[in-house]
1. Please identify every one of the trypsin sites (Lys or Arg not before Pro) in region 245-338 that sits in a loop by DSSP and has no more than 16 other beta carbons within 10 Å of its own beta carbon.
2. In vacuum, with every alpha carbon of region 265-414 counted as one equal point scatterer, what does the Debye formula give for log10 I(q)/I(0) at q = 0.12, 0.17 Å⁻¹? Two decimals, please.
3. Relative contact order for the chain: what is it in percent, counting Cα pairs under 8 Å that are at least 6 residues apart?
4. For the chain, modelled as a Gaussian network with Cα springs under 10 Å, which listed residue fluctuates most, Glu345, Glu395, Glu331?
5. List, in order, the whole-Hz ³J(HN,Hα) value for each residue of region 327-341 obtained from phi through the Karplus relation with A = 6.51, B = -1.76, C = 1.60 and θ = phi - 60°; use x for Gly and Pro.
6. Considering only protein heavy atoms and a probe of 1.4 Å, how much of the accessible area of region 18-152 is carbon and sulfur, as a whole percent?
7. So, for the chain, what is the accessible surface per residue at a probe of 1.4 Å, expressed in square angstrom?
8. What is region 31-104's relative contact order, in percent, from Cα pairs under 8 angstrom and six or more apart in sequence?
Amino acid sequence: MSDKLSKKPTAHRKPLNKSTVNPGALTRLRAGIIGTGFIAPVHIEALKRLGVQVSAICGSTKGARALADKWGITEVYGEYDFRSMYRSPNIDVVHITSPNKVHVEQSIAALAAGKHVVCEKPLGMGTRETAQLLKAIQKAGSTCPVFAVNYMCRFFPAVLQMRAMVQRGELGKIIHVQGHFFQDWLLKETDYNWRLLASEGGKLRAVGDIGTHWIDAVSFILGARAEAVFATLETFHKTRVRPKGEVKTFAKVNPKDAAPYRVDTEDFASVLLKFGESEHGFANGVHANASVSQVAAGWKCSLYLGIYGTKASVQWDLQQPNEIIVGRRDEPNQILQRATAGFSEDVAGFTDYPGGHPEGFPDSHKMHYRAVYEHIASDRQTPVLFATAEDGHHEVKLCEAILKSNVKRAWVQL
Ligand SMILES: NC(=O)c1ccc[n+]([C@@H]2O[C@H](COP(=O)([O-])OP(=O)(O)OC[C@H]3O[C@@H](n4cnc5c(N)ncnc54)[C@H](O)[C@@H]3O)[C@@H](O)[C@H]2O)c1
């Protein structure tokens, strides 16, 4: 990529890599984790890589004990007793990795106990409850601890790079965005997870679980929020079979120990979005279309997006996270690689390894938590690049609008 691109940080904000935070500051912060399933160890591992002390874990008694033993965590709170964990003086930040239906309750209680929070997405089951969280944050005002929602896709260097290119006007005026989030782990009727039940994960499953990652990432890149949606939802397996006990995400189920049940969440969504105005003026009123599926054979975790402007386009897929493709009409297309001259200086603070040494999903969590913890350690002096409670609430609002659009067969304005 040209030197012009690699040397210039975005004009209207400070270079993102110039952290003023003493690296040792993070080692003085201590975390407590709620949940012991698929994503909890991803949080723990990322925090340990940052030098943050993970001092407590809360979950089922068996699950919490097992993770505590594995990771050397000293305080263990069984029986999902998060309130006891919040009374510990050895926790500064709580990571909420429990199922969606308890996120808001656990978040409000954490803030009331004076703990900073990193909460998993989606923020809650509906806007009625996420609005309560916003209210609690507003009421606490400047004394409110820091709150982040784990839309960590923002912290892939490629996503930050595409955002910088849009903000600098290098793609021209953005016209439209297209993409998908595809997985196949729920393809068979015997595949089971609590997300399949609206009562456990929310009325929107594929969109709430992975579609909101796509919308949040696009929103972050464009610097604009989605304001209207038109959507079609489809449930291909109207009936599935489920095991009698709890199953960890992505775990296989033995059909012999399973019973049938009626599915009340979608396998697939086709969504049109209209974005609002952007701060920088290069992405105003952008059209987007996304397909979301958890039954797309062959795709494991493909968040793909293409951003199309009047001068050029960029494409990226989370399954090849280290590079983006720049498309031009009258010049050759280019592949820009992370940690090479193709990526600009202002995203250099979000990558730790040289080019050719791939970084991926675990690194995006690490970079996200680094940004949150640096914000805490600097007494909020660093930029807020992470998704806030308001961003999380907006995603839940979009989910409700998508549901409504599917029923009404019409555009729904937010
Ligand atoms: N950011 C991401 O990329 C990402 C990826 C996967 C999951 N997630 C989110 O993380 C959350 C957990 O997902 P998962 O895949 O790890 O699920 P999981 O089923 O594998 O694990 C959930 C854990 O929560 C525990 N739990 C259940 N009820 C609880 C309660 N009341 N209090 C405390 N713990 C409780 C369970 O025992 C289990 O250990 C979900 O909100 C999901 O959307 C985010």
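The values are calculated or read from the model by the stated rules, or taken from the named source; none is laboratory data. Computed from a predicted structure; not experimentally measured. With ideal geometry, Cβ positions are generated from the backbone for all residues, glycine too; neighbour counts draw on all protein chains shown. All accessible areas refer to the heavy atoms of the entire protein, side chains included, with ligands and DNA or RNA removed. Shrake-Rupley method; radii C 1.70, N 1.55, O 1.52, S 1.80 Å.
1. On the way: sites: Lys248, Lys252, Lys256, Arg262, Lys274, Lys300, Lys311, Arg328, Arg329, Arg338; in loops: Lys248, Lys252, Lys300, Lys311, Arg328, Arg329, Arg338.
Taking region 245-338 and a limit of 16 other Cβ atoms within 10 Å, the loop trypsin sites (Lys or Arg not before Pro) found are Lys248, Lys252, Lys300, Lys311, Arg328, Arg329.
2. So the normalised log intensities work out to -0.74, -1.42.
3. Details: 921 pairs, mean separation 90.7, N = 414.
Relative contact order, the chain: 22 percent.
4. So, out of Glu345, Glu395, Glu331, the one fluctuating most is Glu331.
5. x, 10, 7, 9, 10, x, 5, 10, 10, 9, 10, 4, 6, 10, 4
6. Values: 3060 of 5730 Å².
Here carbon and sulfur together make up 53 percent of the probe-accessible area.
7. On the way: 17780 Å² over 414 residues.
Each residue of the chain exposes 43 Å² on average to a 1.4 Å probe.
8. Values: 127 pairs, mean separation 29.5, N = 74.
Value for region 31-104: 40 percent.
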